Amino acid sequence: MITLAVELWPTTVPAPQIIPKDDLRELIRLRENDKLPVTIETQFQRRPLFDNTMTKLFEPLRIKDISLRNRIAVSPMCQYSSVDGYPNDWHLVHLGSRAVGGAGLVVIEATAVSPDGRISPADSGIYYEDHVESFAKIARFLKQHGACAGIQIAHAGRKASTNKPWDGNDHIGKEQGGWDTIAPSAIAFGGKLDKIPREMTLDDIARVQADFVSAAKRALAAEFECLEIHFAHGYLAHEFYSPLSNKRTDAYGGSFKNRIRFHMETFAAVREVWPARLPLLARLSVNDWDEGGVTLEESIELVKQLKAAGLDMIDVSHGMVTPNENIPWAPGMTIAFAARIRREVDIATTTSWLITHAKQAEDALQAGKLDMVMLGRELLRDPYWPYHAAIELGSTASRDILPIQYARAVE
Ligand SMILES: Cc1cc2nc3c(=O)[nH]c(=O)nc-3n(C[C@H](O)[C@H](O)[C@H](O)COP(=O)(O)O)c2cc1C
């Protein structure tokens, strides 16, 4: 007999139990007859519910003590919908929908470690103790619906203090709610982001690193189970890494060793407070697509060092540190970088960038190039991508990806 694991929440109802599939119909009947408290109705938690061994995409993935029900992650995506850092009902529904849609891991958008680390005044942030409860509400919901709750913590450096993308993506002044920016060197990004940042002092560096540590502690308090440090996309850490944005002559600039000092120190400090049992990821732009920028070879060395410091998985990304980059856009364009890092560093890898088809994702996983796929825009287009992917890959039980409230209806 096929058994389905259905965990009931909250704890006022019997402890998690295994319910034979046929009994589910009885549960549904009880709910339809109002015999079960209404709170339960929306709170069925899903597990990997069908024989996952047929595909790699739906094979559970264990990272440290966390088991993901499949290898589909929601890539962090800024929503520019917060006020003073607080996530709200938009985030709950947006992220919750992707958990309900079946993703194994949902990573909350770049969440600033300090107010000046926000890209825009509408970014989410985790710099007040008070932020914890707002995030905890979301983390709880994601977990109740079978996804691992993850969060990306970030500082935007010289790319901070902008308006929202749909308002132009320009730097804004204080009169529009902006602020003075900081960066390794006093060099503007360029183009519409022309604000010249203040070169960070050693005290600034120590302060931002302490902010990352506090943010990690708060993420833990909010019961997230996966933490990603944002070292990519031309934001603060990447600005230290790239010779195009870092012209310092002290211990944080110049040589490769100096340019990765910010990463190594920040990572070690965060790892210390982020429990060893929980996955710690970093997103890295592994190349700059611009002359004189960082190279994949350097990034392989950086990932080696991060692995030795306790990195559990590298999230391979690229570029965005200058406006002059020349990117050869193509489907799955960063998979090859991730594969090389996986091979040469022997570390779990994930990547995003134009992974849109189930077969494309499955092939990359089967070929041992990746351990998990991150989807951004395709999951915005279709929160039920995991369900549709299972159908495309020939699952005979794909309906079980849907929450019971829906699955019973489409059976
Ligand atoms: C609306 C939007 C917001 C994004 N915000 C973030 C972010 O907060 N942090 C980050 O590392 N990447 C961010 N990205 C990049 C995505 O996480 C992802 O890497 C990128 O979109 C490529 O994946 P895709 O081709 O599946 O969309 C964002 C992308 C989009 C479309």
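Residue pairs whose Cβ atoms lie under 6 Å apart, separated by 6 or more positions or on different chains, with the first residue in the range 213-233 and in a helix (DSSP H, G or I) and the second more than 16 Å from the ligand (Cβ to nearest atom) and of a type outside the set (Val, Ile, Thr), are VAL213/ALA269; ALA216/TRP274. Of everything in the range 369-404, what is modelled with pLDDT of 95 or more, surrounded by 17 or more Cβ atoms within 10 Å (Cβ to Cβ) and basic (Lys, Arg)? Give them in sequence order. Listed by number, the list holds a single entry, LYS369.
Go over the candidates ILE138, ILE108, ILE153 one by one and state the one that is part of a strand (DSSP E or B) and touching a Gly at 6+ places or on another chain (Cβ under 8 Å). ILE108 is the lone residue from the list that is part of a strand (DSSP E or B) and touching a Gly at 6+ places or on another chain (Cβ under 8 Å).
With respect to GLU225, determine if the residue is of a type in the set (D, E, K, R), surrounded by 21 or more Cβ atoms within 10 Å (Cβ to Cβ) and out of contact with any Phe, Trp or Tyr (no Cβ under 7 Å at 6 or more places or on another chain).
Criteria met by GLU225.
Within the range 264-280, is even one residue surrounded by fewer than 24 Cβ atoms within 10 Å (Cβ to Cβ), of a type in the set (A, V, I, L, M), out of contact with any helix residue (DSSP H, G or I) (no Cβ under 8 Å at 6 or more places or on another chain) and not in a loop (DSSP other than H, G, I, E, B)? There is at least one residue in the range 264-280 that is surrounded by fewer than 24 Cβ atoms within 10 Å (Cβ to Cβ), of a type in the set (A, V, I, L, M), out of contact with any helix residue (DSSP H, G or I) (no Cβ under 8 Å at 6 or more places or on another chain) and not in a loop (DSSP other than H, G, I, E, B). Looking only at the range 302-322, count how many residues are closer than 30 Å to LEU193 by Cα and touching an Asp or Glu at 6+ places or on another chain (Cβ under 9 Å). Residues flagged as closer than 30 Å to LEU193 by Cα and touching an Asp or Glu at 6+ places or on another chain (Cβ under 9 Å) within the range 302-322 amount to 7.
Do we find a residue being more than 14 Å from GLY101 (Cα to Cα), away from the ligand (no atom under 13 Å from the Cβ) and either among the charged types (D, E, K, R) or touching a residue at least 40 places away in the same chain (Cβ under 8 Å) (or both) anywhere in the range 377-391? No. Of all residue pairs spaced 6 or more apart or on separate chains, those with beta-carbon atoms under 7 Å, a first member in the range 273-286 that is within 13 Å of the ligand (Cβ to nearest atom) and a second member that is among the acidic types (Asp, Glu) are LEU281/GLU228; LEU281/ASP312; LEU281/ASP315; ALA282/GLU228; ALA282/ASP315; ARG283/GLU228; ARG283/ASP315.
Assigned to a loop (DSSP other than H, G, I, E, B), away from the ligand (no atom under 16 Å from the Cβ), under 29 Å from ARG277 (Cα atoms) and not hydroxyl-bearing (Ser, Thr, Tyr), is that true of GLY394?
The answer is no for GLY394.
Entry remark, the range 71-92: residues being within 16 Å of the ligand (Cβ to nearest atom) and either in a loop (DSSP other than H, G, I, E, B) or among the aliphatic types (A, V, I, L, M) (or both) number 13 in total. Kindly provide the set of residues from the range 180-199 that are outside any strand (DSSP E or B), in contact (Cβ under 8 Å) with a residue 40 or more places away in the chain and surrounded by 14 or more Cβ atoms within 10 Å (Cβ to Cβ), ordered by number. Hits for the range 180-199 are THR181, PRO184, SER185, ILE187, PHE189, PRO197.
With respect to the conditions (1) surrounded by 21 or more Cβ atoms within 10 Å (Cβ to Cβ); (2) within 16 Å of ASN70 (Cα to Cα), ALA338 falls short on a single one, namely (2). Close Cβ contacts (under 6 Å, 6 or more residues apart or on different chains) running from residues in the range 64-80 that are touching a residue at least 60 places away in the same chain (Cβ under 8 Å) to residues that are of a type in the set (Ser, Thr, Tyr) and within 16 Å of the ligand (Cβ to nearest atom) comprise SER75/SER352; TYR80/SER120.
Candidates are the residues of the range 126-160 that are surrounded by fewer than 23 Cβ atoms within 10 Å (Cβ to Cβ) and under 23 Å from ILE205 (Cα atoms); the one that is nearest to the chain's Cα centre (by Cα) is TYR127.
Across the range 169-176, a minimum of one residue is classified as out of contact with any Leu (no Cβ under 6 Å at 6 or more places or on another chain), within 16 Å of the ligand (Cβ to nearest atom) and at pLDDT below 95.
TYR241 falls short on exactly one of the conditions (1) buried (at least 21 other Cβ atoms within 10 Å of the Cβ); (2) without any contact (Cβ under 8 Å) to a residue 24 or more places away in the chain, and that condition is (2). It is to be established whether one or more residues within the range 329-349 are free of Cβ contacts under 8 Å to residues at least 40 places away in the same chain, within 16 Å of the ligand (Cβ to nearest atom), more than 21 Å from the chain's Cα centre (by Cα) and farther than 24 Å from GLU109 by Cβ. Yes, there is a match, as at least one residue in the range 329-349 is free of Cβ contacts under 8 Å to residues at least 40 places away in the same chain, within 16 Å of the ligand (Cβ to nearest atom), more than 21 Å from the chain's Cα centre (by Cα) and farther than 24 Å from GLU109 by Cβ.
The values are calculated or read from the model by the stated rules, or taken from the named source; none is laboratory data. Keep in mind the model is a prediction, meaning the values are calculated, not measured. Ideal geometry is used to build each Cβ from the backbone, glycine not excepted, and the neighbour counts take in all protein chains shown.
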